[in-house]
Amino acid sequence: MVTLSSDSRPIIGRGPPLGARLFFLAIVSIALMVLDHRGGYLDTTRSWLQTAASPLYAVIQAPFQAWNWLTGSFADRSRLRSENSELTDELRTARVKLLRFDALAEENRRLRAIRNASQGIGERTLIAEIVRIDVDPFRHRARINKGSEDGVFKNQPVLDAFGIVGQVTSVDRIGAEIILISDNEHAIPVQVNRNGIRTIAVGTGDIHRLSLPFLTIESDVKAGDLLVSSGLDGVFPAGYPVATITKVNRGPAETFAIVEAKPLAQLDRSREVLLLWFDPSKEKPAGNLAAEASAPTATSPAGNDAAATNSPPAAASTPASQDAPTARAPTRSPPPQPSVQAPGQ
Amino acid sequence: MAEGRSSGLRITVTVILALILAIVPLPEVLRPARPQLLLLLVIYWSLSSPRLAGLMFAWLCGLAIDVIKGPIFGQHAIAFAVVAYLTHKNQLRLRIFPIYQQTLWVFGLLAIYEFLVFWIDGIIGSPVTTWLRWLPVVTSAVLWPVLVAVLDTWNRSRR
């Protein structure tokens, strides 16, 4: 057959028998998997190995960078001009919005000062670029070009200009891997901006769709509602836009409504993302505020509060901060209705 | 041993190439169909130079895949080792098969590989249940005769 070559002697009698070697390697693999999955003992090893793999990434990036450089340097004048005018327009509208925002922020600060609660607004950010690497077609992971050298850390929130993109899952020296909010292993605690109902938005594996499985059929949500992060997980800061609700389907025989939302961040398009540093300990008042804000309208959201608090914050949120439990306790809301069971854990 | 060194070099070059092709960006439509080139190479080198490309080689290749795309270490490594074991076990038979029969065997090996990966995905709690995940089995099997032709030509011209 075609694959015959000079080195065709079988390997019988060289070293331990084949089966024994497979057994040994299988044991090592299983040990690795257990250590990595159950204990997370291999984070440092992973970061070293991924740093070692960075030349591969550099090789793949090179043609794209060369192309960008070429198109950038040979861009013609008219295109630059039109781009410039577009950007000027955008900046103008953004400034107008910012004016309003300034006023609101000022008012917010005053109100918070009255309530004797300060929320950390002075957050540090860093722009990172998504590296053009296909990690896995069925998982929504991406690599960015900033790593532990720039102070990136595990579970750091990642945003773009429109909303929350995801969080960092593993860091090596010059890069990091992020998980997008649409990955089906990801979940993020959110609240409806209109009335403060809290729940959890779970990724579906579809980049344009999040699912909100813990909203009862009586809960006051409707299509078009804005979902913002509630900050109860200690991973994401409170108040950043996450998604808009696209579909609410209430089956009269069901306990939970089928609610879907569309992520606001341009998960499939943005190449540049924002890494955020914030102090989760300062987020506690925000969580309490949210809890109290939702209390007055709490006839129906009570079940959701229970749902949101009972359900484990899934893969998304490591219960990092000790503040979380206190922030989560739905202090003033009435006890959950009997019809609402704890959702499937 | 000059022979061994030159095929060692060839193995290294092809493996690095396969690793790059494993993560090079593809259009959205083609992404699920990306062939398991590195696994095909492991099978090929296990058949053509079994003394250089043993189980340890296969395991390390799998570990490299784990590093660049796996959710956990050891997942692809163990699947690679199992495929290499089956290849080594049947290498005398596989080498004299005509190409279509060999392709069928490779198809079976790829299916076993995908199944192991799928199984471990399920155990760690992140199963990907879409049928599209089995597409690489087909595309890789289609690629096998091409790969054999190219690498055999290369090996023969270099000898």
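Of note:
- Any hit, region B:5-20, residues being at pLDDT below 90, crowded, with 21+ Cβ neighbours inside 10 Å and part of a loop (DSSP other than H, G, I, E, B): no
- Among the residues of region B:11-29, those identified as at the interface with another protein chain (Cβ under 9 Å from one of its Cβ atoms) and either of a type in the set (Phe, Trp, Tyr) or free of Cβ contacts under 8 Å to residues at least 40 places away in the same chain (or both) are B:Ile16, B:Ile20, B:Val24, B:Pro25, B:Leu26, B:Glu28.
- Residue selection: B:Ala149 fails the criterion of being facing chain A (nearest Cβ under 10 Å) and in contact with a helix residue (DSSP H, G or I) (Cβ under 6 Å, 6 or more places away or on another chain).
- In this structure, A:Tyr57 does not satisfy being within 14 Å of another protein chain (Cβ to nearest Cβ), of a type outside the set (Lys, Arg), outside any helix (DSSP H, G or I) and surrounded by 11 or more Cβ atoms within 10 Å (Cβ to Cβ).
- Filtering region A:158-174 for residues that are free of Cβ contacts under 8 Å to residues at least 24 places away in the same chain, in a loop (DSSP other than H, G, I, E, B) and more than 18 Å from A:Leu226 (Cβ to Cβ) leaves an empty set.
- Hey, B:Ala81 more than 23 Å from A:Ala58 (Cα to Cα), facing chain A (nearest Cβ under 7 Å), within 11 Å of the chain's Cα centre (by Cα) and part of a helix (DSSP H, G or I) or not: yes
- Looking only at region A:22-52, and only at residues there that are crowded, with 17+ Cβ neighbours inside 10 Å and among the small types (Gly, Ala, Ser), the one that is nearest to the other protein chains (Cβ to nearest Cβ): A:Ser29
- Residue check, A:Val135 β-branched (Val, Ile, Thr) and modelled with pLDDT of 85 or more: no
- For B:Ile112: the one exception among (1) among the aliphatic types (A, V, I, L, M); (2) modelled with pLDDT of 90 or more; (3) farther than 26 Å from A:Pro16 by Cβ; (4) surrounded by fewer than 18 Cβ atoms within 10 Å (Cβ to Cβ): (3)
- Filter pass, A:Ile188 being touching a residue at least 60 places away in the same chain (Cβ under 8 Å), among the β-branched types (Val, Ile, Thr) and either in a loop (DSSP other than H, G, I, E, B) or in contact with a strand residue (DSSP E or B) (Cβ under 9 Å, 6 or more places away or on another chain) (or both): yes
- Criterion: part of a loop (DSSP other than H, G, I, E, B) and surrounded by 14 or more Cβ atoms within 10 Å (Cβ to Cβ) - qualifying residue of B:Pro71, B:Pro145: B:Pro71
The values are calculated or read from the model by the stated rules, or taken from the named source; none is laboratory data. Treat the numbers as computed from the prediction; the structure is a model and nothing was measured. As a convention, Cβ positions derive from the backbone with ideal geometry for all residues, glycine included, and neighbour counts pool all protein chains shown.
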